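For reference, the structure discussed in these notes is given below.
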Amino acid sequence: MVVGTDTFHSIDEYITQFPDEVQERLKTLRKVIKEAAPEAEEKISYQMPTFVLYGNLVHFAAYKKHIGFYPTPNAISAFESALSEYKCSKGAVQFPLNKPIPYELITEMVIFRVEENKKKKAEGKSQKKK
């Protein structure tokens, strides 16, 4: 269930490769992100569903046992205590497929990222590292 050598051109195309139960979670996750960031554009980046608003906002991807959510290191740090029960790395969190996905937390993280990107945009800073 990990993205292989396929090239995806849309989030719909990406989601359809997974079993129905995973597709439902991915569709819900997509909907939650869209509702939290209605101005964001969808695209495929790094062969993952990506939302963009003044630079990359968040990415997500499905794997064999989890859904990876990539909201940047700042968001992982800002929500560290709320994410304590999940496996996290510098810029990613893993939501196991055998547990409910914390959609409310994801909404909060996406809103955090929207505000962060809007602030950077207002300050004239690029999303790219210097």
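The values are calculated or read from the model by the stated rules, or taken from the named source; none is laboratory data. Fair warning: this is a prediction, and the values are worked out from it, not measured in the lab. When we count neighbours, we look across all protein chains shown, and the Cβ atoms used for this are built from the backbone with ideal geometry, even at glycine. The protein model used for the area step is the full one, side chains on, heavy atoms only, and it has no ligands, DNA or RNA in it. Shrake-Rupley method; radii C 1.70, N 1.55, O 1.52, S 1.80 Å.
Each 5 Å bin from zero holds the following percent of Cα-Cα pairs in region 74-116: 6, 21, 35, 26, 10, 2, 0. Nonpolar atom fraction for the chain, defined as the carbon and sulfur part of the 1.4 Å probe accessible area, stands at 50 percent. Amide H contacts for Leu97 (H built 1.01 Å from N in the peptide plane; partners 5 or more residues away or on another chain; cut-off under 5 Å): His66, Ile67. Once the 1.4 Å probe is applied to the protein heavy atoms, the chain comes out at 59 Å² accessible per residue. Only DSSP H runs of four or more residues enter the estimate; each adds -39500 (n - 2.57), and after division by the residues of the chain the mean residue ellipticity at 222 nm equals -11500 deg cm²/dmol. If I fit a long axis through the Cα atoms of helix 20-36 and take the longest principal axis of the Cα atoms of the chain, what angle between them do I get, 0 to 90°, rounded to 10? The answer is roughly 20 degrees. Note on surface exposure: Tyr86, Tyr46 rank Tyr46, Tyr86 by accessible area, highest first, 1.4 Å probe. Solvent-free Debye calculation, one equal scatterer per alpha-carbon of the chain: log10 I(q)/I(0) at 0.10, 0.17, 0.20 Å⁻¹ equals -0.30, -0.88, -1.22.
Highest-first packing order for the peptide set 18-25, 110-117 is 110-117, 18-25, based on the mean count of other beta carbon atoms within 10 Å. Stretching Ser77 away from Gln23 to a fully extended chain increases their span by 16.6 nm, per 0.36 nm per residue minus the current alpha-carbon distance. Listed cross-link partners Lys43/Lys119; Lys31/Lys65; Lys65/Lys90; Lys34/Lys119; Lys43/Lys118; Lys99/Lys120 are compared with a 24 Å cut-off, the Cα-Cα value being larger for Lys99/Lys120.
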